[in-house]
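Enquirer: My questions will all concern the structure given below.
The values are calculated or read from the model by the stated rules, or taken from the named source; none is laboratory data. None of the values given here were measured: they were computed from a predicted structure. A quick note on method: Cβ atoms are made from the backbone with ideal geometry, for glycine too, and the neighbour counts reach across all protein chains shown.
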Amino acid sequence: MLEQLSYKSKGTFLQNVHTIASLTYFAALLLLPLIFTHPFYLLGVFLVGIMAVVVSDSAAECMPFLVMGIWVAVFVMLLNPLIVQHGNTVLIYGPELPVIGRFRISLEAICYGAAMGVRLMTIIIAFALYNAVVHPDKVTAFVSRFAWKSSLVVSLVTRMIPTIARDLCSAREVMQLRGVDFSTGTFRERLKKYSWLMEVLLLSSLEGSLATAEAMQARGFGSGRRSSYHRELVRPRDYFFFLSGITALIIGICAWLKGYAVFAFYPKLDSFAGGSELIWLVVIIFCLIIPLILSWGWKHWPYLRTRI
């Protein structure tokens, strides 16, 4: 799982979009399932997230998060009907329980658990895509324009986890080459062996922090106005990406305010019928799919790559 946390550049279309455009699009993928309660809207955004994973060639990076999300979503789907005793359409009656009364499973509770499971999966996909597509250095560089101290702290913290994991693996391999077997011995002996690893890890972390401080001092950090050696270009693809995300988010909020994206599960399920609901949903999905269509064309059509 730690290997999936590191960014891997593949040169895909979604990785070559401006940082602001990427953040806007992924903000739409994250916020829309949070405000939607209608199952069709949640399912539509979920399918767009799956398409984005396939188009961006990020299936290998997103798969561990998807598997974890599936297990959590299934747990929510199974747990909600057992705990929530509301709903008029009762499917199964059970025995009398001391606190909650007569146990029952309703159709409304099952549908609500399924909808919340889809919402959870969509949110996990949005975060997994962000981790696989958006370069963390570009995000911290963008934030550093407004809060350079906070961006420095975030950059050091995000770098710390993979660095510690790499140092820990290296120290373990060196000790194994020297004849230390971590799988044998009593609990106290194995605890002592792992304490040696923690000691090596602490020393390497202190040395790394000193080296970072010396490098920052040598480069004059905080002594004057910050210089920049890299500037992101704004290209036509960035405008398409930004407008698609912000338009989908605005239309989704309007649909939520008008009640088209709202669905009541209790005490009785709302009706799914309604042409206006589907029209708003189709427009939102179309806005979210535009960048994915451009990504497919950018990959298979060299002329389009030169134009955008």
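Enquirer: For Met116, only one of the following conditions fails: (1) over 30 Å from Val90 (Cα atoms); (2) touching a residue at least 40 places away in the same chain (Cβ under 8 Å). What is its number?
Expert: The single condition Met116 does not satisfy is (1).
Enquirer: Let me ask something additional. Scan the range 248-266 and report the pairs whose first residue is free of Cβ contacts under 8 Å to residues at least 12 places away in the same chain and not assigned by TED's automatic domain parsing to the domain that holds His86 and whose second residue is surrounded by fewer than 14 Cβ atoms within 10 Å (Cβ to Cβ) and among the aromatic types (Phe, Trp, Tyr), with Cβ atoms within less than 6 Å and a gap of 6+ or a chain change.
Expert: Cβ pairs passing all conditions: none.
Enquirer: If you scan the range 160-217, which residues turn out to be part of a helix (DSSP H, G or I) and among the β-branched types (Val, Ile, Thr)?
Expert: Scanning the range 160-217 gives Ile161, Thr163, Ile164, Val174, Val200, Thr212.
So that you can scan it fast, the table gives a plain yes or no per residue for (1) buried (at least 17 other Cβ atoms within 10 Å of the Cβ); (2) at pLDDT 85 or above:
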position: Thr12; (1), (2): yes, no
position: Ile35; (1), (2): no, yes
position: Leu82; (1), (2): no, no
position: Thr89; (1), (2): no, no
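Enquirer: Further, regarding this structure: Considering only residues of the range 202-225 that are surrounded by 12 or more Cβ atoms within 10 Å (Cβ to Cβ) and more than 15 Å from Arg159 (Cα to Cα), which is modelled with the lowest pLDDT? Lay out the reasoning, then the answer.
Expert: Filtering the range 202-225 for residues surrounded by 12 or more Cβ atoms within 10 Å (Cβ to Cβ) gives 203-205, 208-209, 212, 216, 221.
Still in the running and more than 15 Å from Arg159 (Cα to Cα): 203, 216, 221.
Working: Leu203: 81, Met216: 75, Phe221: 72.
If we take residues in the range 202-225 being surrounded by 12 or more Cβ atoms within 10 Å (Cβ to Cβ) and more than 15 Å from Arg159 (Cα to Cα), then Phe221 is modelled with the lowest pLDDT.
Enquirer: Going by what's in this entry, would Ile105 be described as β-branched (Val, Ile, Thr) and surrounded by fewer than 16 Cβ atoms within 10 Å (Cβ to Cβ)?
Expert: Considered against the rule, which asks whether it is β-branched (Val, Ile, Thr) and surrounded by fewer than 16 Cβ atoms within 10 Å (Cβ to Cβ), Ile105 comes out as no.
Enquirer: Quick check on this structure: which one of Ile250, Ile289 is within 14 Å of Phe36 (Cα to Cα) and within 23 Å of the chain's Cα centre (by Cα)?
Expert: Among Ile250, Ile289, only Ile250 is within 14 Å of Phe36 (Cα to Cα) and within 23 Å of the chain's Cα centre (by Cα).
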